[in-house]
Each structure stands twice: as structure tokens, then as C-alpha cells.
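What follows is a set of notes on a single structure, which appears directly below.
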Amino acid sequence: MAKWEQIKQYQQAGAYVFMALPNQKHNAVSGGYNNSFNNGDELSQWINSHPEYQDRNVGIDLSRSNLIVVDIDKHKHNGMKSISAWFKSHDINPETIQDTYVERTASGGLHAFYLIPEGKTKPAEKVSALQGVDLLTNKHGVIVAPSVINQQPYRAITPFETIQQAPEWVYQIANNRGSTNTPSNHKATRYSNIDRWLMVKNGFDTGQRNDQAMSLAGYLFALDVEPKSIYDILQITNERSNEPLLDDELGRVYMSARKREERKRMRINSYGRD
């Protein structure tokens, strides 16, 4: 996608865009990243007055934009490991980070972008909200695709159209509620861990067999249970159901969950996770 098409997308989402120097993260004109515009014509006029910024790096002024960025570091700390542990301790699907617009940064980390929901205020900025995880809200200009730093590009991992409103867990982290070891009452998944183990004990419910089998399989894959053991557990659970799934149907559910996990791990590896 051409640079100006990406800029247009950002601006249509309410972002104030600024231009940065080549191979840099900053705007050196007085005002810095606050030389930002959510109108393409105004940004073009500014560039005409500052031609050294023509076709340079692109950034978003978070202080003026209705956006928050979850900054997951890979350069100094394994922020993905930290936030994954936090998600699991709060019974939140670790894959939720991929539900919104995500970029891979030049240093190998991640920027997950969220819109501020109508009627809610932007949460406070919080550096080191978790080890290797910052919440960037109102004190930063953040560089975005298609920028390049040290020959390493910022690139989209998910489509921009997937950008979502900030979920409640973002506010929890911003307010430092809970920790990686303290569960909260927030549930972001349809079935809790207790529900899943009750499935193993009692079997799948008629009318929810496929959904429950997929949820149980995904949960076990997330725990790094051996694939053969996962299939064995699904079979045992299915046999305990009042109306078991046919073997070939159970096999399709298992393979679907396994392929989903493989795709997730491929994406994580592409993020540069150890």
C-alpha cells in the first residue's frame, strides 16, 4: 500500500499524523511530533513548507489522537512473555492481542493500536505497566508503517481495518489492577478454565459440542500439552457426552484447533519471540 493511502487510513480513524526525519523517530521542527494533522491537505501544506520531510518516516501524535498503543518490547525484555502470562492469570485468551491492528516495530517488538471507546477517557500513560510492556497514551509520538529505522521496516501484522476499541484489560493494566499472579473477575473468553475441566468430567453439552470441543482443545494447546494427549482428552470427554460427536467430526475439530495454534505460533515467531 502506498504511503499516502496508509496516512489516509490513520487520519480517517481520527489519528493526527506527523512526519519524522529519515531513519529517525522525531520531527526536528519546533513543536516536534505536535506538528501533526488529521487532514491530508493540511499535512501536505506543512510538507510543502518543510520539503526535507517529503516521503520520510510517518508517526502518530498520541497526545491529540483518540488512540492508545500497547507497546510490547522485544529489544530489552520479552514483553510478549510478560503480557501472555498476565492474560493467562486473568483468564483472557492470549490471542486477543491479535484481534486489533498490530504492527511489528523496527526493533522486533509489537505495537497494538486501540481506539478509545465513546464515553470513556483515555487511560493514563504507564511505562513498564508490565515488564517489557508500556501503555502509550498522551506523551508520545509513535512511529508507524511504512517507516524504516536502520533499514528495518515497521510493518502491519494485521489489517488496519481490524482496529478495535480498547478492551477493559487495557484499563486494568493502566490502573495497575492485579498482577501476573493475581486473577481478576474479568472474563474475556466464553468458557472459563473451570468450565473446561467440567467438560472433561461430564462431557460436552448437546448443542454446544463443537464449540466446547474447540475451546477445550485451544486451551490445552495454549498450555503446551502434547498433541496426542490433547486428542486423547477430547476423545475421553466426547465419550462422556450424552450425545457424542462422530469420530470424524471430533477429528475435524481437533485439526482445526491444531492448525490455529500452529498459525498463532508462526505469527509469534515472526514477532521475534524467543
Next item on the list: Kindly provide the set of residues from the range 237-250 that are assigned to a helix (DSSP H, G or I) and either at positive phi or open to solvent by 20 Å² or more (accessible area, probe 1.4 Å) (or both), ordered by number.
Entry: Glu239, Asp247, Asp248, Glu249
Note to self: Every residue in the range 94-111 that is in a strand (DSSP E or B) and either more than 23 Å from Pro22 (Cβ to Cβ) or touching a helix residue (DSSP H, G or I) at 6+ places or on another chain (Cβ under 9 Å) (or both), please.
What the structure shows: Tyr101, Val102, Arg104, Leu110
Notebook entry, point to check: How many residues are more than 15 Å from Leu21 (Cα to Cα) and open to solvent by 20 Å² or more (accessible area, probe 1.4 Å) when one looks only at the range 136-151?
Noted result: 3
Check: All but one of (1) without any contact (Cβ under 8 Å) to a residue 60 or more places away in the chain; (2) assigned to a loop (DSSP other than H, G, I, E, B); (3) open to solvent by 20 Å² or more (accessible area, probe 1.4 Å) hold for Pro117; which doesn't?
Finding: (3)
Next item on the list: Report, by residue number, each residue of the range 68-88 that is within 14 Å of the chain's Cα centre (by Cα) and either of a type in the set (A, V, I, L, M, F, W, C) or closer than 14 Å to Gln172 by Cα (or both).
Entry: Ile68, Val69, Val70, Ile72, Met80, Ile83, Trp86, Phe87
Margin query: Can you say whether Ala174 is within 30 Å of Gln11 (Cβ to Cβ) and either in contact with a Ser or Thr (Cβ under 8 Å, 6 or more places away or on another chain) or at pLDDT 85 or above (or both), as far as the supplied structure shows?
Written below: yes
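Suppose we filter the range 59-88 for residues that are in a loop (DSSP other than H, G, I, E, B), surrounded by fewer than 22 Cβ atoms within 10 Å (Cβ to Cβ) and of a type in the set (Ser, Thr, Tyr); how many remain? So that I can check it myself, show each step before the final result.
Step one: list which residues in the range 59-88 are in a loop (DSSP other than H, G, I, E, B), which gives 62-66, 73-78.
From the residues that got through so far, the ones that are surrounded by fewer than 22 Cβ atoms within 10 Å (Cβ to Cβ) too are 63-64, 66, 73-78.
Checking the rest, the ones that are also of a type in the set (Ser, Thr, Tyr) come to 63.
Number of matching residues: 1.
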Note to self: Based on this model, can you work out whether Ala20 counts as at pLDDT 95 or above and either under 23 Å from Lys122 (Cβ atoms) or open to solvent by less than 70 Å² (accessible area, probe 1.4 Å) (or both)?
What the structure shows: yes
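Kindly provide the set of residues from the range 46-58 that are in a helix (DSSP H, G or I) and either surrounded by 12 or more Cβ atoms within 10 Å (Cβ to Cβ) or touching a strand residue (DSSP E or B) at 6+ places or on another chain (Cβ under 6 Å) (or both), ordered by number.
Answer for the range 46-58, where residues must be in a helix (DSSP H, G or I) and either surrounded by 12 or more Cβ atoms within 10 Å (Cβ to Cβ) or touching a strand residue (DSSP E or B) at 6+ places or on another chain (Cβ under 6 Å) (or both): Trp46, Ile47, Tyr53.
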Margin query: Against the definition (open to solvent by 10 Å² or more (accessible area, probe 1.4 Å) and part of a strand (DSSP E or B)), how does Asp91 come out, yes or no?
Written below: no
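Assess whether Thr137 counts as being touching a residue at least 40 places away in the same chain (Cβ under 8 Å), in contact with a strand residue (DSSP E or B) (Cβ under 9 Å, 6 or more places away or on another chain) and farther than 29 Å from Tyr191 by Cβ.
Yes: the conditions hold for Thr137.
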Next item on the list: Taking the residues in the range 120-154 that are part of a loop (DSSP other than H, G, I, E, B) and polar (S, T, N, Q) as candidates, determine which candidate is farthest from Gln11 (Cα to Cα).
Entry: Gln131
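Taking the stated definitions as given, is Gly132 open to solvent by less than 40 Å² (accessible area, probe 1.4 Å), touching a strand residue (DSSP E or B) at 6+ places or on another chain (Cβ under 9 Å) and over 19 Å from Val58 (Cβ atoms)?
yes
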Next item on the list: Could you list, in sequence order, all residues of the range 23-45 that are open to solvent by less than 30 Å² (accessible area, probe 1.4 Å) and part of a helix (DSSP H, G or I)?
Entry: Gly32, Gly40, Leu43
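The values are calculated or read from the model by the stated rules, or taken from the named source; none is laboratory data. Treat the numbers as computed from the prediction; the structure is a model and nothing was measured. Neighbour counts run over all protein chains shown; Cβ positions are idealised from the backbone, glycine included. Heads up: the accessible areas ignore ligands, DNA and RNA and are worked out on the full protein's heavy atoms, side chains in. Shrake-Rupley method; radii C 1.70, N 1.55, O 1.52, S 1.80 Å.
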